[in-house]
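Novice: One structure follows; several queries about it will come next.
The values are calculated or read from the model by the stated rules, or taken from the named source; none is laboratory data. Only a predicted model underlies this, so the values are computations on that prediction, with no experimental measurement involved. In this analysis, Cβ positions are derived from the backbone assuming ideal geometry, glycine residues included, and neighbour counts consider all displayed protein chains. In case anyone asks, the SASA skips ligands and DNA or RNA and just uses the protein heavy atoms, side chains included. Shrake-Rupley method; radii C 1.70, N 1.55, O 1.52, S 1.80 Å.
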Amino acid sequence: MLDHKNNSLNNDAIVIGSGISGLTSAALLAKKGCKVVILEKNRKPGGALRRFKRQGVPFDVGFHYTGGLGPGEILNVLWEYIGVLPRLTTQQFPAEGCDCVTIKETDKTVRCFFSYERLKDELQRKFPEEATGIAGYLETLKDICKDIPFYNLDIPITPFLRGHIAPMGRGFAEALGSFTRDPALHAVLSLPAFLHGVPPANVSIGIHAMVAHGYYSGAYAVDNGGQGIVDAFIPVLEKYGVEIKTGCAAEEILINNNAVAGVKTREGELLSSNVIFTGHPTSLLDIVPHEIFRPIFVTRLKELKNTGSMFAVFGMLNDAVNTNELCWENYYNIAKGFDSLTVDRNNPADSSLMLTAPGMRDTDADLSGASKSVILMRPADWSETEQFQLNGKKTRSYAYANWKEQATQQMISKAKTAWGAIGDITPLAAGSPLTFQDELGAPEGSVYGVLHSMDQFITGARTRLPGLYLSGQSTLMNGVMGSSLAGFVTAGEILGLEKLWDEVRTCR
């Protein structure tokens, strides 16, 4: 546990990265009186949460909606404790809000409501022969989450975290197959895989439940999207005295007497006995001498498999038809079975499609220019863009630009076929796996970092190097909720997990 009063170094903690996990861990440490510095290599803080604009239209990259923001739910409670929640405007998806899923082979459309009861009723109506299995499967998810402290705040957190790296139960596909048989239903119930990025055949039922339960219990929008979250954190961090150094990359983690001593940047050295690294775990090897770690740990980091990437089109809806529905509905077009995340390398345009409009949910969407902004996405493979990475970021070849344009038009054509007028989009920007690697530092453009699969070692918050901690979605859970919780866990490892957990829970 950190004794910041007796810390003779310049800072009690240095946080590398200003994504949601870095913002959360920094806020928690500073709230407890620690002197904290955040290092962010980009010009603005926020990481993937930041919005960008094209032709005055704002777009979200890493945040579309989240679970866990209902009264007494973990994200609500954690952000209330930090002091961020009062600075946010949140909206629960209305009763008719849903993921609207079309199964390609059958043209069957299923509305996946953000409510266990409404979801069960809809699924049993669409798949009456599977009614018993549907009920049993959904109850299984709820039963699993009763033993997860993030969903049951009455239980201690340490025992769960110490065993979290171990696989959580049998495989999801196997478990779902024991309840239901219809491949179209399998595709619908596999949909939360889009929110954690692990193919259903490779993820455990426990990990899948951790993500799915948060949305089946209720989905929430945040005004101004991910940027709204960043903008709420900044004044809280300033209040607590946190210094955010933007345009300041960490070049090396300093080591002294086999323990962390600080961070070297281009501007000089910052001293601290605690450093939190929120980037991809493999990137840690670029700034820490390999001999500091055991060879087996280095090998494991180098061999980590990542979640897949996405190709995203950011555009404007050309027709006002159905924009009210699109505001609170996310549209999916997927194939039967468990392969919704699979990319056919010979024909990637035939992958699953998703259409979402998070900007439309802003209370000032007309004023902000987001009233017709939409995001069209499909799973993508690094091999699609690997050939273009040889050129520098600012000198990509014409071939790359042409490829992006072709991929964009193919997706828009597919969207129009799938959803009619609602898929009639004017593109303003596009993001490929190479874009996500360039802009977000995501190896091979991975959307959710490390693959939380059953057969892979997953790093936790603590490392064997005293004073060095990891955070981010690669260490715990995916998405905004998972990454913010990762920040809580990392701060807890420094401050004392159960003590911090007890304090956070008082905000229920």
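Novice: Being more than 26 Å from residue 304 (Cβ to Cβ) and assigned to a loop (DSSP other than H, G, I, E, B) narrows it down to one of 241, 228, so name that one. Let's see the steps before the verdict.
Specialist: Values: 228 fails: assigned to a loop (DSSP other than H, G, I, E, B).
Result of the check over 241, 228: 241.
So that you can scan it fast, the table gives a plain yes or no per residue for (1) farther than 26 Å from residue 335 by Cβ; (2) open to solvent by less than 50 Å² (accessible area, probe 1.4 Å); (3) under 21 Å from the mean Cα position of the chain (by Cα):
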site	(1), (2), (3)
155	yes, yes, no
176	no, yes, no
180	no, yes, no
189	no, yes, yes
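Novice: Starting from residues that are among the polar types (S, T, N, Q), over 27 Å from the mean Cα position of the chain (by Cα) and modelled with pLDDT of 90 or more, keep the ones in the stretch 373-406 and report whichever is least open to solvent (accessible area, probe 1.4 Å).
Specialist: For the stretch 373-406, the residue satisfying everything is 402.
Novice: Conditions first: (1) surrounded by 24 or more Cβ atoms within 10 Å (Cβ to Cβ); (2) over 30 Å from residue 115 (Cβ atoms); (3) modelled with pLDDT of 95 or more. Residue 47 passes all but one, so which condition is the exception?
Specialist: (3)
Novice: So, in the stretch 462-476, of the ones that are outside any strand (DSSP E or B) and buried (at least 24 other Cβ atoms within 10 Å of the Cβ), which residue ends up modelled with the highest pLDDT?
Specialist: Taking the stretch 462-476 as the starting set, the residues that turn out to be outside any strand (DSSP E or B) are 463-467, 471-476.
Narrowing further to those that are buried (at least 24 other Cβ atoms within 10 Å of the Cβ): 471-476.
Working: 471: 97, 472: 94, 473: 91, 474: 92, 475: 92, 476: 88.
Step by step, filter the stretch 462-476, then rank; the result is 471.
Novice: Follow-up. Counting only residues that are assigned to a helix (DSSP H, G or I) and open to solvent by less than 10 Å² (accessible area, probe 1.4 Å), which one in the stretch 434-461 is nearest to residue 11 (Cα to Cα)? Working first, answer last.
Specialist: Of all residues in the stretch 434-461, those assigned to a helix (DSSP H, G or I) come to 434-440, 443-445.
Retained after the next criterion (residues that are open to solvent by less than 10 Å² (accessible area, probe 1.4 Å)): 434, 445.
Numbers: 434: 36, 445: 33 Å.
Among those residues, the one meeting the criterion is 445.
Novice: Looking at the stretch 70-95, which of the residues that are assigned to a loop (DSSP other than H, G, I, E, B) and within 14 Å of residue 217 (Cα to Cα) is most open to solvent (accessible area, probe 1.4 Å)? Before you say what the answer is, go through the steps one by one.
Specialist: Going through the stretch 70-95, the residues assigned to a loop (DSSP other than H, G, I, E, B) turn out to be 70-73, 83-84, 88-89, 93-95.
With the extra rule that they be within 14 Å of residue 217 (Cα to Cα), the set shrinks to 70-73, 93-95.
Working: 70: 2, 71: 125, 72: 37, 73: 49, 93: 14, 94: 59, 95: 70 Å².
Here the answer is 71.
Novice: Looking at (1) of a type outside the set (Val, Ile, Thr); (2) surrounded by fewer than 23 Cβ atoms within 10 Å (Cβ to Cβ); (3) touching a residue at least 60 places away in the same chain (Cβ under 8 Å), which is the only condition residue 431 fails?
Specialist: Of everything listed in (1) of a type outside the set (Val, Ile, Thr); (2) surrounded by fewer than 23 Cβ atoms within 10 Å (Cβ to Cβ); (3) touching a residue at least 60 places away in the same chain (Cβ under 8 Å), residue 431 misses just condition (2).
Results for (1) touching a residue at least 40 places away in the same chain (Cβ under 8 Å); (2) open to solvent by less than 10 Å² (accessible area, probe 1.4 Å), shown as yes or no for each residue.
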| site | (1), (2) |
| --- | --- |
| 144 | yes, no |
| 148 | yes, yes |
| 163 | no, no |
| 195 | yes, no |
| 200 | yes, yes |
| 210 | yes, yes |
| 220 | yes, no |
| 246 | yes, no |
